[in-house]
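Chemist: Got a structure here, written out as structure tokens. Questions coming.
The values are calculated or read from the model by the stated rules, or taken from the named source; none is laboratory data. Please read these numbers as outputs of a predicted model, since none were measured by experiment. With ideal geometry, Cβ positions are generated from the backbone for all residues, glycine too; neighbour counts draw on all protein chains shown. Side chains are part of the model used for accessible areas, which takes the heavy atoms of the whole protein and leaves out ligands, DNA and RNA. Shrake-Rupley method; radii C 1.70, N 1.55, O 1.52, S 1.80 Å.
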Amino acid sequence: MPHPDLLAPLAERAAAPAVLPALTAGGLTWRPATPDDAQALLDLRNLVAEADHEPYRETLPEIVEILEAPWRDLGADTVLGLDAAGRLCAYGYVESMPGDTLLVRAFLWGAVHPERRGEGIGRELFAWQVARARQVLAACGKDVPARIASFVEDDAPAAKVGLYERAGFTPRRYYSDLERDLRDLSARPVPAVAPDGGLRLVPLGDEHDEATRLAHNDAFRDHWGSQPMTPQQWRSGRSMYAPEWSFVVLDPAPDVDALLADPATDAETAAALRAGEPLVVGYHIASRYTEDFAVRGYPFGYTDILGVRRAYRGRKVAVALLAAGMRAFAADGMAAAALDVDTQNPSGAHGLYASLGYTKRHGSRLLSIEL
């Protein structure tokens with residue numbers, strides 16, 4: 001449950017400890033992560049993913065992006081546990097995004113080497129993460145609701161789920177990994193759909209990048225738990241980005257006066273409209289996760305983000321974008337299209353995906369403590 005007095009300063013609600021819990025289990029030596037640890041961290045994360053039957057694997061560029069994110073304080077927010085031989089046996093870090101405004105979030109990420117489980121390492125590491133998350137939230141200077149959260153797969157080890165539950169974490173949201181077969185488009189064609197009202201679908205180019213960020217912040221403003229993305233956040237995490245599979249829908253002649261008069265139009269979009277910049281009203285951003293092909297057993301294209309500005313919903317923007325992405329995947333030899341969706345998405349996306357032949361392959365959930 002949220003803190004009973006949300007008017008209290010977050011520094012009070014967070015109940016941050018002055019000193020972080022000690023890490024002593026397993027005889028490991030603990031230190032913060034550095035960019036030089038990328039390969040060891042990748043090896044451990046993929047080893048854990050294989051042992052726990054997780055449906056994905058990672059690449060070195062993805063780990064480098066995590067360690068080099070400009071807003072991350074590696075010295076304070078990360079910890080690595082190494083054995084006497086210098087082998088990485090455990091890791092943990094806390095991530096809080098600079099764009100959070102109406103809700104401040106601290107996400108926990110971490111794992112223990114499968115061979116070192118059962119020694120109390122995970123329990124101590126998790127306590128360290130929760131305590132550090134409380135410190136991060138208390139120090140953020142934003143007196144708004146806050147959340148300490150972590151994602152777990154539906155078939156995660158029972159011991160991991162139990163650790164969260166004993167610490168007071170509660171399931172808050174459920175997500176579905178959906179997939180649509182693309183191997184026989186003659187039998188299951190992708191619909192040919194154009195957006196309504198003179199809107200244009202074009203490949204996503206560099207010139208659309210900032211306008212797409214603004215569209216994303218508008219599109220996801222009414223999505224549970226979503227917060228605005230800063231330019232830094234938006235440009236991060238693109239190592240697997242596939243521009244050849246990504247598209248935007250533009251309004252070449254937006255009703256600027258009506259949009260400026262709409263109280264839902266944010267200040268950044270208003271400034272862009274006054275400057276005469278292009279208005280992106282929807283976007284499909286895709287990635288090529290090649291390391292996951294072997295896990296699934298075939299190549300696939302992945303829709304990372306699909307969004308439509310709220311003023312443009314109901315004009316076939318989403319279906320046109322998704323269909324364009326699916327056709328691009330198929331033309332590139334991908335056997336399937338995949339994406340992840342919040343099962344309670346307010347835009348009706350789940351129904352759209354079902355109507356286009358997407359079915360659930362896997363699931364995950366978010367557990368949290370609300371402050």
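Chemist: Within the set of other residues whose C-beta is less than 10 Å from the C-beta of R235, count the net charge using Lys and Arg as +1 and Asp and Glu as -1. Intermediate values should be presented prior to the final figure.
Modeler: Values: positive: R213, R238; negative: D209, E210.
Summing Lys/Arg as +1 and Asp/Glu as -1 gives 0.
Chemist: Now for a separate question. Using just the helices of the chain, give the 222 nm mean residue ellipticity in deg cm²/dmol: DSSP H runs with n ≥ 4 each add -39,500 (n - 2.57), and the total is spread over all residues, rounded to 500. Show your work: numbers first, answer last.
Modeler: On the way: 13 runs with 115 residues, N = 371.
Counting only the DSSP helices, I get -8500 deg cm²/dmol.
Chemist: Tell me which lysines have Cα within less than 25 Å of K360's Cα, excluding those fewer than 8 residues away on the same chain?
Modeler: Within the straight-line cut-off, K360 pairs with K160, K316.
Chemist: Given labels modelled 7 Å from the Cα in the Cβ direction, how far is it in nm from D340 to R313?
Modeler: 2.2 nm
Chemist: Still on this structure, please answer the following. With only alpha-carbon atoms counted, please give the Rg and Dmax of the chain, in Å.
Modeler: Spelled out, the Cα radius of gyration and Dmax of the chain are 21.7, 67 Å.
Chemist: Could you compute the net charge surrounding G357? Neighbours are other residues with a C-beta less than 11 Å from the C-beta of G357; K and R count +1, D and E count -1. List each step's numbers first, then the result.
Modeler: Values: positive: R180, R188; negative: E179, D181.
Here the charged neighbours net out to 0.
Chemist: Hey, can you find the accessible area per residue of segment 79-181 for me, probe 1.4 Å, expressed in square angstrom?
Modeler: Numbers: 4080 Å² over 103 residues.
Accessible area per residue: 40 Å².
Chemist: Using a 1.4 Å probe over the heavy atoms of the protein chains, calculate the carbon and sulfur portion of the accessible area of segment 60-127 as a whole percent. It would help to have the intermediate numbers written out before the result.
Modeler: Numbers: 1520 of 2690 Å².
The value for segment 60-127 is 56 percent carbon and sulfur by accessible area.
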